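Here the structure comes first, spelled out in structure tokens, and everything after it is commentary.
Please treat every number below as a calculation from the coordinates, not as lab data. These figures come from a predicted structure and were not determined experimentally. Neighbour counts run over all protein chains shown; Cβ positions are idealised from the backbone, glycine included.
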Amino acid sequence: MQTLVTILAIAFCGGIGGFAGWALATALGFTGVVAAIIAAIAAMVIATGLWVALTSALRSLRLMR
């Protein structure tokens with residue numbers, strides 16, 4: 001069960017991070033390779049921050065080891 005929760009959390013954080021990175025690159029008006037690089041970097045940073053926040057919250061609520 002723990003593995004399934006971890007996989008779902010990773011997919012959730014990655015999806016939100018990916019969407020946010022794409023939205024940022026679009027909002028800044030970039031296109032092409034530059035937009036892809038900016039979106040990828042932003043997505044990784046956002047997804048990592050969200051993962052840290054989510055796991056910290058779940059661990060403090062004793063829902064995750």
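Quick notes on this one:
- Scan of the range 9-30 for residues that are over 12 Å from the mean Cα position of the chain (by Cα) and of a type in the set (A, V, I, L, M, F, W, C), ordered by number: A23, L24, A25, A27, L28, F30
- Residue match in the range 50-63 (condition: of a type in the set (A, V, I, L, M), touching a Gly at 6+ places or on another chain (Cβ under 9 Å) and surrounded by 11 or more Cβ atoms within 10 Å (Cβ to Cβ)): yes
- Verdict on L54 being in contact (Cβ under 8 Å) with a residue 40 or more places away in the chain and within 12 Å of the chain's Cα centre (by Cα): yes
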